[in-house]
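Have a look at the structure below, then the notes.
The values are calculated or read from the model by the stated rules, or taken from the named source; none is laboratory data. Just so you know, these numbers come straight off a predicted model, no measurement behind them. Neighbour counts run over all protein chains shown; Cβ positions are idealised from the backbone, glycine included.
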Amino acid sequence: MDSIILSLLILAAVTLLITQHIRAEVTALLIIATLAMTGMLTPEEAVSGFSSSATVTVAGMFILSAGLIRTGALDMAITFVLRFARESRRRLFLLFTALVPTLSAFANNTPIVVMMIPITLTVCRRLTISPSKLLMPINYLAILGGTCTLIGTSTNILVNDLSKSNGGPEFGIFEFSLLGILNLSIGVVYLYFLSDRLLPDRTPVILQSTQDRGGTFDTEVIVQAESSLIGQPVSAVFGKDAEVTILEIIRERDVLRSPIDPTTIIQPDDALIIHGTAKDIRNLISSVGVVLASAIEEGDAAKQQPGDTTLAEAVILSNSPYVGRRLSRIGLHRLYGVKVLGIERLGRPHRLLIRETRLKVGDVLLVQADVEGLVRLREAGGVMVVEEIQHTMVEREKAPIALAIMVGVVTLAAFNVFPIVSLTLTGAALMLLTRCLRLSEATQAMNTSVLLLMAGTIPLGLAMIKTGLAFDIAHHFLSIIGSTQPWVVIGGIYFLTMVFTSFFSNTATAALMVPVALGVATEVGMDPVPLMIAIIFGASSCFATPISYQTNLMVLGPGGYTFKDFVRIGLPLNLVLWVFATIAIPIFFPP
C-alpha cells in the first residue's frame, strides 16, 4: 500500500515540478509533509534532507562562489580573455572554452553564468557580434565544466551523498575528472563546428534598443483622465502610418482584440496593449498623456520621472521573491524607480495584462530606470539585471583572500584531509570572517529553491528504498531494456536520467534515480559505481530545453533565443554525449 501511495506522490510531485503551477520550494515542503503524515517515514527521517551533508555542502558552495565574484577574484582571467580576443569570434569562443569550464568546475554554475552574461553583451557590442552566437555556448560550457569535479554542481554532490548514505560508493573530488574532461572536449568540438550554423543571428531587445535597430516589443499603457487620446477614434492615433500599433483595448471587463474597429473611441482608464520600438513608445507616452501600466502599483498611479534613464533586461531567477506574484504588487517603481515596458516568456512577448501578470522563473522584464535604480534592483536580489555595462561594487583588495580560501578548500578536499562538508562550511565562514562577503550577500547567494528542493527530494529517495518501490522500478526497468549487459544498463540509466532532467529539476531527477540505480545494481549483480557516474553525467545533459536548467532560462532573453533554438542545438548534443557516455563509462569504471 505504501508503494502505491508513494508512486502517486512521486507522480504528483513530478507533475507540479514540470507545470510549475506552484513554486518548487512549496512542492518540496509538500513532499516532506506527506511522507511524515502518511507514516512512510518518521518525522526525523522526513526532515533529514535539511541536515544532509549534501544540502549543507551546496549551501557552502553558493557562499564560496559568491565570495569569488564579490571580490572580483575572477576578473583577472576575464580581462585576459578580452585582451586576446581581438576581433575574432572564433578566438573569443576558444578563450571562453578555456575560462568558463575551469571556473564552473570549482564554482557554482549559476553565478558564473550571471557574471558572464553582461560581459558577453559588452564584448558582442564592441566586436559587432550577435550575442545569440555566444551566450548559449557559454552556458553549455559552464554546464559541461560542472561535470569535471565532484563540487562542480549541486547534483554531483547530491548523488554522492545519496549513494554513500544508501550503502553505495563515495567519490573523491577528482575521481571522474578525466571522464568529465573528455565529455567537455566532445561538447567543445560540437559547439565549435556547429553552433555558428545552428544558432540564430539575433540581437536581443536590450541591444536592439541601444543600437537603434528598431527592436520591437509589446507593452501596456493606461489612458489617464487628462490624455489627449480621450474621445478620439483609434484610427486617428494608431492608423496605418503610425509608428506604434495597437493590439488590444481592455475596458473594464471587456477586451477588444485585433483587428480593432478603427472607429472605436478611446475612453479614460482604457488599458491599451501596444507594439513598437522603445523610442516610439516613449515618444507616445510623453506626448499623449498615457502612463505605463507597470508604473501603477497597488492602485496608485505613480508619476513618471523625467531624467537620464537606460534600458535593461531583468531576468527573474529561481530564488526570486517575485515568482508567483503580480507585477502590480511587487513595487518595482515605488522602491527602485524601475518601470517595466514589456515581458518576454520563453522567448515570446507576453501580451496579457502586464500589471496583472504573475511572474515565473526565467521571465525577462524589459525595464527602464536610471543607473542608480538598476543598481539597487540588482543588489536587492532575485533578478539578474542585464545592461551593456555591469555596475557592480566589488572589494578588489579582498580578491587574494577569497582566492586563497577557495584554493585551500579544493586542495584539502583533493587529498581527503577533511570531509567536503566540513571544508565548505569552514570556507564559507572564512569568507564572512574576512569580510570578503557580507552576511546579507551570503544569504542572497544561497539559492533557496535548490536547497529546499534537495531537502524535499532526499527523503523521497529514502522512502523509495524503505518501501521497496526503488527495487520494483528497477525490476520493471530491466524488463523494458531486455538485457542485463552492463553497457546496456549504463546507457539505459543515463538515457532515463537525461530525459527526466530535460523537463524538471536535475536535483529531483538525481534523487529519484539514485535509489533506482542501486536497485538495478543489486538485481543485476554489478558494481553501482558506473551507474552513479551515469546519473551524474545524465543529470547534466540538460541542453535540449530552456526549462531543464536555471542557467538556460537566464540566457534565453539576453540571447534572444526561443524554445526551438534549444531543441535545435541541444537535442543533438544530448544524444552525442549519451552515446559517448554509454561507451566510455564502462571503460573508465568497469562494472
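For the reader, a short list of remarks on this structure follows.
- Test result for ALA521, in a helix (DSSP H, G or I), touching an Asp or Glu at 6+ places or on another chain (Cβ under 8 Å) and of a type in the set (A, V, I, L, M, F, W, C): yes
- The conditions of being in contact with a Cys (Cβ under 6 Å, 6 or more places away or on another chain), more than 23 Å from VAL386 (Cα to Cα) and of a type outside the set (Phe, Trp, Tyr) are not met by ALA59.
- On the stretch given as region 115-129, residues that are surrounded by 24 or more Cβ atoms within 10 Å (Cβ to Cβ) and in contact with a strand residue (DSSP E or B) (Cβ under 6 Å, 6 or more places away or on another chain) total 1.
- Just so you know, in region 130-170 the residues that are surrounded by fewer than 19 Cβ atoms within 10 Å (Cβ to Cβ) and outside any helix (DSSP H, G or I) include one that is modelled with the lowest pLDDT, and it is SER130.
- Count of region 225-244 residues, restricted to those that are in contact (Cβ under 8 Å) with a residue 12 or more places away in the chain and buried (at least 16 other Cβ atoms within 10 Å of the Cβ), is 7.
- Any hit, region 408-430, residues being in contact with a helix residue (DSSP H, G or I) (Cβ under 8 Å, 6 or more places away or on another chain), among the hydroxyl-bearing types (Ser, Thr, Tyr), surrounded by fewer than 20 Cβ atoms within 10 Å (Cβ to Cβ) and modelled with pLDDT under 85: no
- Look at (1) modelled with pLDDT under 90; (2) over 30 Å from ASP196 (Cα atoms) and you find that PHE96 fails only one, number (2).
- Boolean, THR484 is buried (at least 18 other Cβ atoms within 10 Å of the Cβ) and either touching a helix residue (DSSP H, G or I) at 6+ places or on another chain (Cβ under 9 Å) or touching a residue at least 60 places away in the same chain (Cβ under 8 Å) (or both): no
Residues are listed down the side, and each one gets a yes or a no for (1) of a type in the set (Gly, Ala, Ser); (2) under 17 Å from the mean Cα position of the chain (by Cα):
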position: ILE493; (1), (2): no, no
position: SER502; (1), (2): yes, yes
position: ALA508; (1), (2): yes, yes
position: VAL514; (1), (2): no, no
position: LEU518; (1), (2): no, no
position: THR522; (1), (2): no, no
position: ILE533; (1), (2): no, no
position: ASP565; (1), (2): no, yes
position: ARG568; (1), (2): no, no
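- Of the helices (runs of 4 or more DSSP H) lying entirely inside region 385-482, those containing at least 1 residues that are under 25 Å from the mean Cα position of the chain (by Cα) span 399-414, 420-433, 439-445, 448-467.
- Scanning region 524-551 for residues that are part of a loop (DSSP other than H, G, I, E, B) and in contact (Cβ under 8 Å) with a residue 40 or more places away in the chain returns MET526, ASP527, PRO528, SER540, SER541, CYS542, PHE543, ALA544, THR545, TYR549.
- Per-region count, region 1-42, residues within 13 Å of LEU462 (Cβ to Cβ), without any contact (Cβ under 8 Å) to a residue 40 or more places away in the chain and surrounded by fewer than 17 Cβ atoms within 10 Å (Cβ to Cβ): 1
- Scanning region 559-576 for residues that are out of contact with any Leu (no Cβ under 6 Å at 6 or more places or on another chain) and crowded, with 24+ Cβ neighbours inside 10 Å turns up GLY560, TYR561, PHE566.
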